[in-house]
Amino acid sequence: MRREAASRVAERYLCFVNAEKKTVAVLGGGAAGFFGAIACAEANPDLNVLLIEKTGKLLSKVRISGGGRCNVTHAADTPAQLVQHYPRGQKQLKEPFKQFGAPDTVRWFERRGVQLKTEPDGRMFPTTDSSETIAQCLLEAASRAGVQIWLHTTAEQIEPQPDGGLRLTLSGAHAQTLVVSRLLIATGGAPKTDQYAWLRQLGHSIQEPVPSLFTFNVPNSPLRELPGVSVPQARVRVAGEKLEYEGPVLVTHWGLSGPAVLKLSAWGARRLHELQYQSTALINWIPQYTEESLREWLLEFREQHGKKGVLNNPLFGLPQRLWRTLAEQAGIGTETRWNELPVKLQNRLIESLLRTSLPVRGKTTYKDEFVTCGGIVLSEINMQTMESRLVPGLHFAGEVLDIDGITGGFNFQAAWTTGYLAGRAMAEKVN
């Protein structure tokens, strides 16, 4: 019965596809895959363009990103600005971003009826604040361009052909053997190295995958009673390492989160993996001060406001609950006034303000922005066309490559750029 069903599916395919046209295929129904398929189909309408997705879901990460709002890209006018936000791929992305950068992404969506807006931190979202706006735009663009979408279909084997093209052995809803002129792999990142075995079989090298963009688990946190407390500008540093990042920090019931922590985890992904996610995080809650300038400020404050209670009058714009906790942990009593504060306790408070020590014992995936550090080694890719230097006709785009950005729209921008370049190259170079 299965063989008969597969045969019927194959017959429908043969009837549907114009046999006089050459065929290119895209593996992966995410952001990079869709952008590549659309770019290819729009650039060369004389091709059959197939988008093959192994699950029944399309654009899953697009739909959940940014809390359901979809952080499409980041406001960066030049490639030099943009590449600063990529822990992996920074050097190699400069030329691709010259061909298709953040301003090009904005124009691409605007031409298709989607307006984007820029938030104060540079993140760009659809004005509807709905990720469905982006998903529907991509689906409609693919449909207009004539892209055919096959769901529940898996590529079991990819074989380069002696006379050009690649033979795909497909299983699932569209089980069959199919020869395509060009193939784009945009299957996303994978957390385990053995999940890249099928790409190694094609001769490609894989940079070992490790997690990126994660939060810190602090089971014995001195701040465990403060979940939900946030500070808009703090500096997080890993003790004994050259790893630090400044930005918003959020205290959670499991430890520490917020953009500063997520971005630090991206820049330090490999080193933190080597440390087995066991480290000490040092938090500077007031990074605008050095220890010297803070002591001078407090001396002046004590002279002018000595009768004020320490615990109940938070300074530096810090949340009341955080200030009180830091002061109590420094040993400062409820009734203590500034003009009564012993130097020893003030020193402890200064230490807490500038270097709160948190024992990190593990990580937690930030699900909305899950990213893998690792993938296809970039030296094996022509970054102008995203074509393999080892297998003619094979292209790559998105997180399957050893490219990843910090949170803020940068991973989507890498997907749009690499997908676009791959799609255009396939359309132009089809055999």
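The values are calculated or read from the model by the stated rules, or taken from the named source; none is laboratory data. Worth saying up front: this structure is predicted, and the values here are computed from it rather than measured. A quick note on method: Cβ atoms are made from the backbone with ideal geometry, for glycine too, and the neighbour counts reach across all protein chains shown.
Summary table below
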{"item": "Strands (runs of 3 or more DSSP E) lying entirely in region 118-174 (those with 3 or more residues that are surrounded by fewer than 20 Cβ atoms within 10 Å (Cβ to Cβ) and either assigned by TED's automatic domain parsing to the domain that holds Trp108 or among the hydrophobic types (A, V, I, L, M, F, W, C) (or both))", "result": "148-150, 153-160, 166-172"}
{"item": "Residues of region 98-122 classified as within 17 Å of the chain's Cα centre (by Cα) and at pLDDT 95 or above, total", "result": "4"}
{"item": "Some residue of region 143-156 being within 25 Å of the chain's Cα centre (by Cα) and charged (D, E, K, R)", "result": "no"}
{"item": "Filter result (assigned to a strand (DSSP E or B) and touching a helix residue (DSSP H, G or I) at 6+ places or on another chain (Cβ under 7 Å)) within region 175-191", "result": "Gln176, Arg182, Leu184, Ile185"}
{"item": "Exclusive hit being at positive phi and in contact with a Phe, Trp or Tyr (Cβ under 8 Å, 6 or more places away or on another chain), set Phe301, Phe316", "result": "Phe316"}
{"item": "Every pair of residues 6+ apart whose Cβ atoms lie under 7 Å, when the first sits in region 355-371 and is within 29 Å of Val400 (Cα to Cα) and in a strand (DSSP E or B) while the second is among the aliphatic types (A, V, I, L, M) and modelled with pLDDT under 95", "result": "Val371/Leu213"}
{"item": "Tally of residues being free of Cβ contacts under 8 Å to residues at least 24 places away in the same chain and polar (S, T, N, Q) across region 158-192", "result": "4"}
{"item": "Selection within region 363-412 - among the aliphatic types (A, V, I, L, M), touching a helix residue (DSSP H, G or I) at 6+ places or on another chain (Cβ under 8 Å) and buried (at least 20 other Cβ atoms within 10 Å of the Cβ)", "result": "Val371, Ile376, Met383, Met386, Ala397, Val400, Leu401, Ile403, Ile406"}
{"item": "Gln329 vs. criteria polar (S, T, N, Q), more than 30 Å from Gly68 (Cα to Cα) and touching a Ser or Thr at 6+ places or on another chain (Cβ under 8 Å)", "result": "yes"}
{"item": "All positions within region 367-425 that are on the phi > 0 side of the Ramachandran plot and more than 21 Å from the chain's Cα centre (by Cα)", "result": "Gly393"}
{"item": "Residue within region 222-241 that is of a type outside the set (A, V, I, L, M, F, W, C), assigned to a loop (DSSP other than H, G, I, E, B) and crowded, with 17+ Cβ neighbours inside 10 Å present", "result": "no"}
{"item": "Answer residue from region 28-59, given it is assigned to a strand (DSSP E or B) and not β-branched (Val, Ile, Thr) and is nearest to Ala415 (Cα to Cα) among those", "result": "Leu51"}
{"item": "Subset of region 93-138 [in contact with a Gly (Cβ under 8 Å, 6 or more places away or on another chain) and more than 30 Å from Pro232 (Cα to Cα)]", "result": "Cys137"}
{"item": "Scope region 65-80; condition within 22 Å of Thr187 (Cα to Cα) and either in contact with a Pro (Cβ under 8 Å, 6 or more places away or on another chain) or in a helix (DSSP H, G or I) (or both); matching residues", "result": "Ser65, Gly66, Gly68, Cys70, Val72"}
{"item": "Subset of region 326-349 (residues that are buried (at least 18 other Cβ atoms within 10 Å of the Cβ) and aliphatic (A, V, I, L, M))", "result": "Leu326, Ala327, Ala330, Ile332, Leu341, Leu349"}
{"item": "Single residue of Arg12, Arg69, Arg2 found to be in contact with a helix residue (DSSP H, G or I) (Cβ under 9 Å, 6 or more places away or on another chain) and either modelled with pLDDT under 95 or in the same structural domain as Ala415 (by TED's automatic domain parsing) (or both)", "result": "Arg69"}
{"item": "Qualifying positions in region 182-206 - under 24 Å from Trp416 (Cα atoms), of a type in the set (S, T, N, Q) and surrounded by fewer than 20 Cβ atoms within 10 Å (Cβ to Cβ)", "result": "Gln195, Ser205"}
{"item": "Test for Val62: is it surrounded by 15 or more Cβ atoms within 10 Å (Cβ to Cβ), in the same structural domain as Phe109 (by TED's automatic domain parsing), at pLDDT below 95 and assigned to a helix (DSSP H, G or I)", "result": "no"}
{"item": "Unique match (being of a type in the set (Phe, Trp, Tyr) and over 19 Å from Gly33 (Cβ atoms)) among Phe125, Phe109, Phe100", "result": "Phe125"}
{"item": "Residue among Thr105, Thr128 that is among the β-branched types (Val, Ile, Thr) and closer than 13 Å to Thr417 by Cβ", "result": "Thr105"}
{"item": "Entirely in region 243-325, the strands (runs of 3 or more DSSP E) that have 1 or more residues that are loosely packed, with under 14 Cβ neighbours inside 10 Å", "result": "278-284"}
{"item": "Residue check for Asp194: over 25 Å from the mean Cα position of the chain (by Cα), in the same structural domain as Leu27 (by TED's automatic domain parsing) and not in a strand (DSSP E or B)", "result": "no"}
